[in-house]
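Just below is one structure, and these are the notes that go with it.
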Amino acid sequence: MIILGIETSCDETGVAICKDYKILSSYNKTQHIHKEYGGVVPELLSGVSFAKGLSQGLNIPIIPVNHLEAHLNSVFIEFPNLKPPFINLLVSGGHTQLWMVKSNFKYELLGETLDDACGEAFDKGAKTLGLNYPGGPEIEKISKEGNKKLIEFPRPMINDKSYNFSFSGLKTALINYIKNNREYNLPDVAASYQEAIVDTLVFKLDYAMKNFKINTGIICGGVAANSRLRDKLNELNKDILFPSLKYCTDNADMIAFLAMKKAENKNIEKNMDFSAYSRGITL
Ligand code: KG4
Ligand code: ZN
């Protein structure tokens, strides 16, 4: 079976061809126009319309794929033999969620952000610091020159017993720091801010793995590309897997791959009555 994956949910537009669980070819392109506005409302409907037209025109089945579910499954592209259960930390521009992946297509949401997503914290933090959009890679780059221990920004909700997150207070702490310290060193502030986000994510993933006695942890989504996050997770000395960078940020490969899994499970959706939603759905 050959599947064409189409991804247009945010500022990436991509297509990928998957045959028997192998990605044969893919092309993912970012729209830079959003830099000017510092972000994007993630609801590009063009992919859905295009896929529906193609399916009708060629009389071939169409498989709707939820963007978040595709992120959760992106790890299987490179680790096909991985067996659930595992805990999956989904960290993107719009979401920060901890999932228990129980088995194929069975997921339980353990917790999520109560306000800003961690990718948003990177993007808004970068804007406050006068850096470009998307803020994650910018903050990561400049942080390499800075002292991450210089400023003790809050680690939101790490003393809370839930699996939830909150990043809006951290963003406010950054704004206040900038207001109160006119002569700050940009790399030090960026590195300390990044460290607070990363510490919080690592803490919560580790906490969930311990509590549920699950030995395998996964991270996925755009923020999973962050090298400081990857280093800190490696320092845990646990079985933590990350997709390659190209499968962390939005890509059509993960869409085609999950569609293949769904098709094999005789789950092909012939109903054309679906659309795109900007806030994800409960899996
Ligand atoms: O998964 P993704 O590509 O799109 C969404 O589904 O939202 O995630 C985009 C987010 C942005 O907030 C961006 O700043 C962040 O991922 N991001 C990073 C890095 N690369 C992308 N954050 C931290 N470090 C990075 N290297
Ligand atoms: Zn995404």
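Since Val75 meets every condition but one in (1) under 15 Å from the mean Cα position of the chain (by Cα); (2) under 20 Å from Asn164 (Cα atoms), which condition does it not meet?
Against the list (1) under 15 Å from the mean Cα position of the chain (by Cα); (2) under 20 Å from Asn164 (Cα atoms), Val75 comes up short only on (2).
Can you give me the number of residues within the range 223-253 that are open to solvent by less than 30 Å² (accessible area, probe 1.4 Å) and under 12 Å from the mean Cα position of the chain (by Cα)?
Of the residues in that region, 9 qualify.
If only one of Leu114, Leu90 is within 14 Å of ligand 1 (Cβ to nearest atom) and under 17 Å from the mean Cα position of the chain (by Cα), which one is it?
Result: Leu90 is the single residue among Leu114, Leu90 that is within 14 Å of ligand 1 (Cβ to nearest atom) and under 17 Å from the mean Cα position of the chain (by Cα).
Please list, ordered by first then second residue, the pairs with beta carbon atoms under 6 Å, 6 or more apart or interchain, first in the range 1-20 and closer than 12 Å to Val65 by Cβ and outside any strand (DSSP E or B), second within 11 Å of ligand 2 (Cβ to nearest atom) and open to solvent by less than 60 Å² (accessible area, probe 1.4 Å).
Hits for this filter: Ser9/Pro42; Ser9/His67.
What single numbered condition from (1) open to solvent by 10 Å² or more (accessible area, probe 1.4 Å); (2) under 18 Å from Ile142 (Cα atoms); (3) more than 14 Å from the chain's Cα centre (by Cα) fails to hold for Val202?
(2)
Does any residue of the range 111-131 turn out to be in a strand (DSSP E or B), open to solvent by 10 Å² or more (accessible area, probe 1.4 Å) and out of contact with any Gly (no Cβ under 6 Å at 6 or more places or on another chain)?
yes
Gly135 is checked against (1) open to solvent by 30 Å² or more (accessible area, probe 1.4 Å); (2) in contact with a Lys or Arg (Cβ under 8 Å, 6 or more places away or on another chain) and fails just one. What number does that condition carry?
Result: Gly135 fails condition (1) only.
The values are calculated or read from the model by the stated rules, or taken from the named source; none is laboratory data. The structure presented is a predicted model; accordingly, all values stated were derived computationally and were not measured. Quick reminder, even Gly has a Cβ in these numbers, built from the backbone with ideal geometry, and neighbours come from all protein chains shown. Note: areas computed on protein heavy atoms with side chains; ligands, DNA, RNA excluded. Shrake-Rupley method; radii C 1.70, N 1.55, O 1.52, S 1.80 Å.
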